[in-house]
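Please read the structure below before turning to the comments.
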Amino acid sequence: MIRPLESAPVAPPRHYLMCRPTHFAVEYTINPWMNPDAGVDRRRAIRQWEALRDLYRSLGHRVSEIEPIEGLPDMVFAANGGLVVDGRVYGARFASAERTPEGPAYLDWFHNAGYTRIKEPKHVNEGEGDFITLDEVILAATGFRTEAAAHQEAERFLGRPVVTLQLVDPRFYHLDTALFAPSGDRVVYYPGAFSEGSRRVLRSLYPDAIPATEADAAVLGLNAVSDGHNVVLAAEAVDLADRLRDLGYAVHPVQMGELRKAGGGAKCCTLELRDPSVR
Ligand code: ARG
């Protein structure tokens, strides 16, 4: 009898949408990370972003790019551009005037890319920044950006249960800065980012969740991307890297320091296109 070869688990390829930080800058303050006086090195931001994009490709994933628009310095944070589940696109509607034009820009990209099931949102929501799609539920946050009414709008449109969580710490203003799903059935989160009620919800849904330290959260370590096997993680989040390695994940540290000056990390730069039919 021929026994199958033992091989490392290979994650099925994912499809990501990214936006090159050609016009990246910190010119306004819409979260506590952003200090317009501190100055950013745009060339360094571009190098960090290219390394991230190339890493995804080297892991076998597909990366599509949306054209960056001058005057929209935060457009690099593609995660905020929408939420795609089962090929359905729930569009974004930004909370701040500075980022409002990004909503239609991302919707146009989806129309041009051939998506047909697209919902222009009535309610304010910042896409995957505040929605994390797991196997059984979509976790959604409110408190700083996305309105709770958008959670219901998304649930109706996507046909998946959406669970509302309350963010309370302004440093962790989007859900993807406070909670990360290394697999569809497992979460890691920084408890201090959530209200007491939401901590209880998370404990009952995910009793085996991995708690993250404040130090790892404070380097935006929870703003990570996983394909179920490979985890792309801020290089400074060393405790979390150890925990994930112990659990069998392949950890890929990335330098995101320049984009972090705007309050973003690897996940913020990455919108997952969960659509096997549009390729
Ligand atoms: N400066 C951007 C903002 O405050 C950063 C967005 C980060 N994106 C994210 N998915 N957390 O809107």
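The values are calculated or read from the model by the stated rules, or taken from the named source; none is laboratory data. Quantities reported herein were computed from a predicted structural model and do not represent experimental measurements. Glycine also receives a Cβ, built like all others from the backbone with ideal geometry; neighbour counts cover every protein chain displayed.
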Any residue that is within 16 Å of the ligand (Cβ to nearest atom) and charged (D, E, K, R) - is there at least one of those in region 231-250? no
Region 90-109 residues that are closer than 13 Å to Lys122 by Cα and assigned to a helix (DSSP H, G or I), paired with ones that are of a type outside the set (D, E, K, R) and within 13 Å of the ligand (Cβ to nearest atom) (beta carbon under 6 Å, 6 or more apart): Gly103/Ala92; Gly103/Phe94
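Among the residues of region 30-42, which ones are assigned to a loop (DSSP other than H, G, I, E, B), of a type outside the set (Asp, Glu), more than 20 Å from the chain's Cα centre (by Cα) and surrounded by 13 or more Cβ atoms within 10 Å (Cβ to Cβ)?
Of region 30-42, the ones assigned to a loop (DSSP other than H, G, I, E, B) are 30-41.
Within this subset, residues satisfying the condition of being of a type outside the set (Asp, Glu) are 30-36, 38-40.
Of the ones still in play, those that are also more than 20 Å from the chain's Cα centre (by Cα) are 35-36, 38-40.
Answer for region 30-42, where residues must be assigned to a loop (DSSP other than H, G, I, E, B), of a type outside the set (Asp, Glu), more than 20 Å from the chain's Cα centre (by Cα) and surrounded by 13 or more Cβ atoms within 10 Å (Cβ to Cβ): just Val40.
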Which members of region 30-77 meet the condition of being of a type outside the set (A, V, I, L, M, F, W, C) and within 14 Å of the ligand (Cβ to nearest atom)? Asn31, Pro32, Asn35, Pro36, Pro73, Asp74
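Could you count how many residues in region 43-74 are in a helix (DSSP H, G or I), of a type in the set (Ser, Thr, Tyr) and surrounded by 15 or more Cβ atoms within 10 Å (Cβ to Cβ)?
Number satisfying all stated conditions: 1.
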Of the conditions (1) farther than 25 Å from Asp275 by Cα; (2) within 16 Å of the ligand (Cβ to nearest atom), Phe180 clears all except one; give me its number. (1)
Determine which single condition Ala140 fails, assuming it passes every other condition in (1) under 15 Å from the mean Cα position of the chain (by Cα); (2) more than 10 Å from the ligand (Cβ to nearest atom); (3) under 14 Å from Cys269 (Cβ atoms). (3)
Quick one: in region 151-176, of everything that is surrounded by 21 or more Cβ atoms within 10 Å (Cβ to Cβ) and either more than 29 Å from Pro32 (Cβ to Cβ) or among the acidic types (Asp, Glu) (or both), which residue is nearest to the ligand (Cβ to nearest atom)? Asp176
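Looking only at strands (runs of 3 or more DSSP E) that lie completely in region 128-229, which have at least 2 residues being polar (S, T, N, Q) and at pLDDT 95 or above? First the steps, then the outcome.
Details: elements: 131-133, 138-142, 162-166, 179-183, 186-189.
Per the criteria, 162-166.
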Looking only at residues in region 233-261 that are crowded, with 24+ Cβ neighbours inside 10 Å and in contact (Cβ under 8 Å) with a residue 40 or more places away in the chain, which one is farthest from the chain's Cα centre (by Cα)? Leu240
